[in-house]
Amino acid sequence: MLKNLIRIFSLLAAAAVLVSCTTPPPTVPPPVQAPPPKPSVPAPVVPPAPQPPAYKPPVTSFTAAETEDADSPAERIVMARRSVLGLSPVKQRLTREQINECMDIMSDTMMMEYELFMRPFSPFETKLIARMQKLDIPIVARTRLDLLRGTLRNQALLSMREAQRRNQSPSVAAMPGVEDKLFGGFDCVPASVGMPDGNPACGDVIIRLKQPVKAMGWATPWNGLDFMAGTRQMVKKQNPADIYAQAGKGQEIKVGFDDLNHLSQYVIIGKDWNRALACQAVLNLRKISASTPSPETLEKALLEAAPNVFWQKLAAERAGCSLEAKFPGSVSADYFESIEVNEKDLPIVLAWPESAPYKSIIRGIPAAGAEKR
């Protein structure tokens, strides 16, 4: 029996060895090869959107020459800003350096906001802004013929209060009281910046001012009357026509501290006038671009227009821009670039003894040209 069991186990072992020798090994699949890499395609280069010039810290480029007087317009503007901050003592007189630097800061802030909300600029807009910052801008004060002789005699444009102080005739026609309540308009000589021939409503005589006069003045996008009728009436949700109606009837227009503080946020000093006008022009061009049949032609015309016709071209294309400038106290005749009067009045003006020092810059223009050219 034991022998039989040993024989059976031997046979089973032999069979197992035979099976292991004849059974093929299991099939192992070949390793998976990674697909060949695709040829690399460079990512498209997207140029960064043009940006306005980087912010520069104030350089005290505003000259507050009129701040010897306690209630000078520039000081009143800065005092309004200081009052809002609640700093004490609020009645302490500001130094000339404080006034200069604050006017710089307010102007820089205004331009930063302009450019922030207008970005990104197109390549054309970037070129236009760069060009407009290099051009001489029209700075035009207008007066009446009956006030011109006194202006030449005084060798300066005199504000209403400065003329009163000197016991002389003013160079500025009467203006609404709201101008004085806001920014001391009776203490300032007004002028238009950006409009080729200024504001005809101020008189038929055009006095063009030299570029260095920018250091003496500041500007806002509107005069006081338009500001009260537009921006402030929208804030108060009143009818803008009411303000113009009041002014037309000679009625007093109420101006509060909120109005003065609001307008002070739009102060732009002379060093930024070119930039401000460029931003206005870009905004105006954006509004009309949809209705312009060939914007490329318009863009080319503006970029290639000669400097002496650029501002007229801009106005002709409904993209004109302007600021309301104010010069404190007076503007010396040293800043007069030219004096333009109606051709029919030219002989009369040249016959005045007061005109002798200025004959080289006095010229006649067609009567219609004093209003529209």
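Shape of region 78-205 from the C-alpha gyration tensor: oblate (a/c of 1.5 or more and a/b not above b/c, with a ≥ b ≥ c the square roots of its eigenvalues). Taken along the Cα-to-beta-carbon direction at a fixed 7 Å, the label points for Leu283 and Ala351 span 4.8 nm. For the pair Ser169 and Lys359 in one chain, pulling the backbone fully straight at 0.36 nm per residue adds 66.2 nm over the alpha carbon distance.
Cα gyration tensor of region 245-360, axes a ≥ b ≥ c as square roots of the eigenvalues: rounded (a/c below 1.5), prolate (a/b > b/c) or oblate? Walk me through the numbers before you get to the answer.
On the way: a/c = 1.97, a/b = 1.14, b/c = 1.72.
Note, shape of region 245-360 comes out oblate.
Among the DSSP beta bridges whose two residues both lie in region 106-370, what percent are antiparallel, rounded to the nearest 5? The antiparallel fraction comes to roughly 85 percent. Full extension of the segment from Lys249 to Ala306, taken as 0.36 nm per residue of separation minus the current Cα-Cα distance, would add 16.1 nm.
All C-alpha pair distances within region 130-263, sorted into 10 Å bins from zero, spread as 11, 37, 35, 16, 1 percent across the bins.
For Lys237, Lys326, Lys254, the sequence from fewest to most other C-beta atoms within 10 Å is Lys237, Lys254, Lys326. The order of Leu225, Leu145, going from fewest to most other C-beta atoms within 10 Å of their C-beta, is Leu145, Leu225. Taking each residue as 0.36 nm, the span from Asn199 to Glu296 lengthens on full extension beyond its C-alpha to C-alpha distance by 31.8 nm. For Glu343 and Asp136, a Förster radius of 22 Å and the Cβ-Cβ distance give a FRET efficiency of 0.30, rounded to the nearest 0.05. Amide H contacts for Trp218 (H built 1.01 Å from N in the peptide plane; partners 5 or more residues away or on another chain; cut-off under 5 Å): Lys326. Working value for region 106-370: equivalent-ellipsoid semi-axes of 31, 26, 17 Å, each the square root of 5 times a Cα gyration tensor eigenvalue, largest first.
Pairs Lys210/Lys359; Lys134/Lys300; Lys249/Lys326; Lys214/Lys313; Lys271/Lys359: which are spaced more than 20 Å apart, C-alpha to C-alpha?
Values: Lys210/Lys359 17 Å; Lys134/Lys300 17 Å; Lys249/Lys326 25 Å; Lys214/Lys313 23 Å; Lys271/Lys359 31 Å.
Violating the 20 Å limit, Cα to Cα: Lys249/Lys326; Lys214/Lys313; Lys271/Lys359.
Given R0 = 35 Å, the distance between the Cβ atoms of Asp146 and Gln92 translates into a calculated FRET efficiency of 0.20.
All of the numbers you see were taken from the coordinates with simple rules; none came from a lab. Treat the numbers as computed from the prediction; the structure is a model and nothing was measured. Don't worry about glycine lacking a Cβ; one is built from the backbone with ideal geometry, like all the others, and counts go over all protein chains shown.
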